[in-house]
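Okay, structure first, notes after.
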Amino acid sequence: MASGTAEQDSVSEFIHDTIIDLTKKLDGNKFANDIIYLLQNIKKTTDVIETSNRWLKWARQQKYLKVINADIPIGVLPNGKEGEIIDIKVFAGRKPDDELYDNNEELRKKVARGNCFISIKEGNDVRCVLQAMKKFTGGLGDDDDREQGDNSTWKKYFIKPLEETESVIATRKANGEAAHLSCFMVDGEYVLCGGSKNVHMVFRKKEDILRYTEPRFRIASEVCLSVWNSLDKMSPDDRNSLLQFLVATGYTGVFEILSPDHQHVEDLSYLSESEMRFITWTQIDLEPSPDNSSLATVPPHLGIEIAKALGLLTIKYDVLSMSELDTRMKQIRQGYQYEGEVLYFMDKTGIVTGLLKKKTVWYIMCRAIREKLRAACAYNLKTPEKFSISKYLRKTDKRLDEIQIWLGLDMSTINEWKTFANKFIRHVIQKVDLGEVTSDDIANIYPVIWKRYVAASGESDDIKVVVTSGS
C-alpha cells in the first residue's frame, strides 16, 4: 500500500475528483447542496495504521471477541505482495450475540457487524479496510434472533433521548443476504474488500473470489460473486465513479443481496438473477468520540441519493416528522408481503441518534412458522418412526402465543394465524413425506412453497391485525 504523504495526496485528489463527479451527477437533485457540503467536510483518520494496531490489541484482549486470520491467496494483491485478512466478530458461542451487545456499551460503540483488517507482510502494514453497521435492534418480535428481554432494550442503542428527535427516515427493509463492499489502493491499483456479516475477502477480479476455498468463505464467496456481477453490469463510468468514491471517502457500502435461489420470507421469484440493493454508507470508526456524535456516517436519505447518483439500485425511503411516527409504525405492523422498515431517528442538527427495526406482523408470523416447519421436517427426515406432527403444532402454537404477548395482538388475530399455521405445516409435511418438497426447498424457496399453498388451498395469509396494546 502507498504510505505517508503520497497516500494522503492521492486520497485528497480522489476526494476532489469525486466532488466534481458527483456535482455533475446530482444536477437537479434537491439534496445536492447538502451532499456536496458533506463530502467537502469528510474527516478521515490520518493515523490509520496506529489506530488499527491499537484496536486489534484491544480486541485480542476481549473474551467475547473472536479474531480470525486467513491468508490472502497468492496473486490477489498486486506485484506478488502477500498478506492476511483479519476478521473480528462478537462471539457468543451458539447463541445470538444480542445479550452481549445489550450489556456491553463498549461493544456497541466499537464493534460493528463486520470488521475487516488487512495485514501486508511487506512492511508489516496493518489497517482496517472495512467496518459495517454498528449493532441496532428492535422490540420483541422485531429482531429475528431475540427471544427474551423487554420492549425497551432498544433504547440502550440510542445516543440521545427520543424526545430530541426532529425527523425520522423510514427505509424499507430488504429481505436478503447482508453484503459489504469497500475499496482501497495497493500500489496504485483498486483492491475490493467484500463479504457478508463477519467473513470477508479481498479481490481484484472475479477469478480471485473463487480462490477462497475454505468452507468459512462459502457464503462470503456467493455474496462477492453477486457483488462482482452487479458491478460488471454497471457502465464503466458509474463503476469507476463508485470505486473512486469508496477510496476517496473510506466508506463501506452496506447492501442486501436479493436472490431467487435463496429466498427467506419475501417472494423473490420475480428476479431472474441476484440483485444488489444499497442500504447505507458506513465509515471506519475504531476509536469513537466519547459523545458518540452520530450513529450514521451519512444521513440515510442523503446516502441513498449518493448511491442513486453512482448508478446503484437502492432501497426506498420516506422522510417523516415525529408527529407522523406513530401512524407509520401502525401501518408497518399492518403491512403485507414485506419484512418491514428500519427507522433512523435524527435530531434538529441532522445527527442520527438511534435506529429501530419495525416489522410487519405478516413477516413475523411467516418467519416463526418457517422456523418451526424447518425443525419439524429435519426431525421427520432423521427419525420418522418417532416423529409426531402434533408435538410440532403445539410448539408452533406456543411460539405464536409468545408473539401475541410481545406485539399485543388480540385473540382473533392470533387464532387465525394458528389455524393457518396448523393447516400449512400439515400440508408441507405431507409433501415432504411424498418426496414433493425437500428440506432444501424449505430453506431456499420457502416463499414459493407458501404462495403455492395459498393459491391451491384458497386460504388467506392476509390476516387482519388487531392490536390491543402498543407495540
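The values are calculated or read from the model by the stated rules, or taken from the named source; none is laboratory data. Predicted model only: the values in this text are computed from it and were never measured. Neighbour counts are summed over all protein chains in view; Cβ atoms, including those assigned to glycine, are modelled from backbone coordinates with ideal geometry.
Structure notes:
- Qualifying residue in segment 58-69 (condition: of a type outside the set (Lys, Arg), modelled with pLDDT under 95, over 20 Å from the mean Cα position of the chain (by Cα) and within 19 Å of Ala132 (Cα to Cα)): yes
- Put simply, of Ser321, Ser293 the only residue that is under 26 Å from Ile88 (Cα atoms) and hydroxyl-bearing (Ser, Thr, Tyr) is Ser293.
- Candidate set: segment 17-49, residues that are without any contact (Cβ under 8 Å) to a residue 24 or more places away in the chain and in a loop (DSSP other than H, G, I, E, B); chosen: the one nearest to His301 (Cα to Cα): Lys30
- Candidates Phe278, Phe345: the one that is within 20 Å of Gly195 (Cβ to Cβ) and buried (at least 18 other Cβ atoms within 10 Å of the Cβ) is Phe278.
- Residue-level check: of (1) out of contact with any strand residue (DSSP E or B) (no Cβ under 6 Å at 6 or more places or on another chain); (2) crowded, with 20+ Cβ neighbours inside 10 Å; (3) not charged (D, E, K, R), Ser182 misses just (1).
- Residue selected from segment 246-275 under the condition charged (D, E, K, R) and without any contact (Cβ under 8 Å) to a residue 60 or more places away in the chain, by the criterion surrounded by the most Cβ atoms within 10 Å (Cβ to Cβ): Glu275
- Some residue of segment 274-283 being more than 17 Å from the chain's Cα centre (by Cα) and either outside any loop (DSSP other than H, G, I, E, B) or of a type outside the set (Val, Ile, Thr) (or both): no
- In the set (1) in contact with a Lys or Arg (Cβ under 9 Å, 6 or more places away or on another chain); (2) surrounded by 15 or more Cβ atoms within 10 Å (Cβ to Cβ); (3) not hydrophobic (A, V, I, L, M, F, W, C); (4) not in a strand (DSSP E or B), the condition left unmet by Glu371 is number (2).
- Here segment 407-443 is the region considered, the condition is being among the polar types (S, T, N, Q) and within 32 Å of the chain's Cα centre (by Cα), and the residue that is surrounded by the most Cβ atoms within 10 Å (Cβ to Cβ) is Thr413.
- For segment 395-406, the tally of residues that are surrounded by 12 or more Cβ atoms within 10 Å (Cβ to Cβ) and basic (Lys, Arg) stands at 2.
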